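Notes for the one structure printed next.
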Amino acid sequence: MGDEGNLSVPTFEQWMAFYNDTKEFERKIGIIIPSIFAVVIVIGVVGNLLVVVVALNRAMRNSTNTLIIGLAISDLMFLLLCVPFTAIDYASPVWIFPEWTCTMINFFQHISAYCSVWTLTLMALDRYLAVVYPVDSLTLRSPKNTIIILVVVYTIIVATQVPVGLMHGIYTYTFIIEERSTCAIVSIATNNATLAVARTYFITFNVFGYILPLGISVFLYWRMLRRLWDTPRPGNGNAMNGSLRSRPENRRAKRKVTRLVLCVLVIWAFCWLPLNVCFFFTGICYPETLVMKGGVIMVIVQIASQVLAYTNSCLNPILYALMSENFRKGFIRVICTIGRKLTMNRFCLKTDKQLRLEFTTCNNTTVSTSIRRFQAPAKKKGFSERTLLLRNRPNTSSQKKTFEMTQFSRSPSSKSFNL
């Protein structure tokens, strides 16, 4: 019995072997993850800035694009205020910033995560109203009212996340022979939090940051897709001739916008699903951690889930460019305007001139069509083609199993598995 008891106690050599293996693992992670985050930051910041500039164009001003601006700003806040600090945290065994930055970063992480998903839910509601109540919802869906709704929702999110930010602090611990520190919810990281408190934190994020908004969005899309595909076609005796619902161009336009917004939601749900699953089981397993349950495999799973969630912040502009002709042309015009100023590129001059005549508005009507439609009134009011084109010029100013596994370094569990 005595011999068996001695076998369960690791020797100094075993501890040091584990320490060296962990350091090597951390060295690789400290290079790979920050490098991925650097790419995410560059693509995300440039892409989301382009989205904001293009969506602010007069021809693009509507409720959907106002919500897209809100989503882009949420992603920019996450990319600039959260991702860089998380990258440095992966590269360093100690928290090198003041303690207030720990509170601030986690505060903004939670705000941006909640703002993103609830903006997506508002986008689903906007598309639902546009499809099911196209006329009755015109006043409610104005850009001004959309901004007011966004401000109210964001204010509620900020107010509710203040306590979460204040829960975070610098957690200092000893890893074998080395003093380390990280930003975490200290009470959970030290197992001093009650089971109810810990589970409330993790499961609350699951419910209000994923399940509830996603469930509402799925329900709204199900209803509107039924309406879109069940709408009577032209020539059908039940069709309303000349109505907004029965016109083929309006139906096609609504389907394109709805398909884009739905795709953004699906990509978001896919990217954030693994992190939410890890959050759920972290709450269920508390006071043990997933690392204690699964070892190094769970460390890799948690890191990968965090990286996937962070990557979502740079994907939306790519989706807009691939699926929306308006945004694609807007991106090209902004890039060419910048390129022309920097290099006087001939291609940009030619492309910009062509796009000036072809740039479509959000209701899929070209500027040239608008000019023909309003040609007579324009003459009376002194409007010219140049005036209409100038009015549509875009605004270019603007993340080895230990013997006790309770102190596995650099794993999300040592940070109380934050966002």
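Bear in mind these aren't lab numbers, they're just calculated from the coordinates by the rules spelled out. Computed from a prediction, not measured in an experiment: that's the story for all the values here. Note that we place each Cβ from the backbone using ideal geometry, even for glycine, and neighbour counts take in every protein chain shown.
Note that region 173-188 has calculated 3J(HN,Hα) couplings of 8, 9, 9, 6, 10, 10, 7, 9, 8, 8, 8, 7, 7, 4, 4, 7 Hz, one per residue in order, obtained from phi through the Karplus relation 6.51 cos²θ - 1.76 cosθ + 1.60 (θ = phi - 60°); glycine and proline are x. The order of the peptides 210-221, 153-164 by mean Cβ neighbours within 10 Å, most packed first, is 210-221, 153-164. The string of couplings for region 319-325 from the Karplus curve (6.51, -1.76, 1.60, θ = phi - 60°) is 5, 4, 5, 7, 10, 10, 5 Hz, one whole number per residue in order, with x for Gly and Pro.
Distant-in-sequence amide contacts of Phe175, defined by a placed amide H-H separation under 5 Å and a gap of 5 or more residues or a different chain, comprise Arg180.
Annotation: peptides 61-68, 270-277, ranked by per-residue average of other Cβ atoms within 10 Å with the highest first, follow the order 61-68, 270-277. Packing, as the average of other Cβ atoms within 10 Å across residues, places the peptides 22-30, 75-83 in the order 75-83, 22-30, highest first.
Phi-derived couplings, Karplus 6.51 cos²θ - 1.76 cosθ + 1.60 at θ = phi - 60°, listed residue by residue for region 132-149: 8, 10, x, 8, 4, 9, 4, 5, 4, 8, 5, x, 4, 5, 5, 5, 4, 5 Hz, with x used for Gly and Pro.
Between Ile297 and Leu140, the simple label model (points 7 Å from Cα in the Cβ direction) yields a spacing of 5.0 nm.
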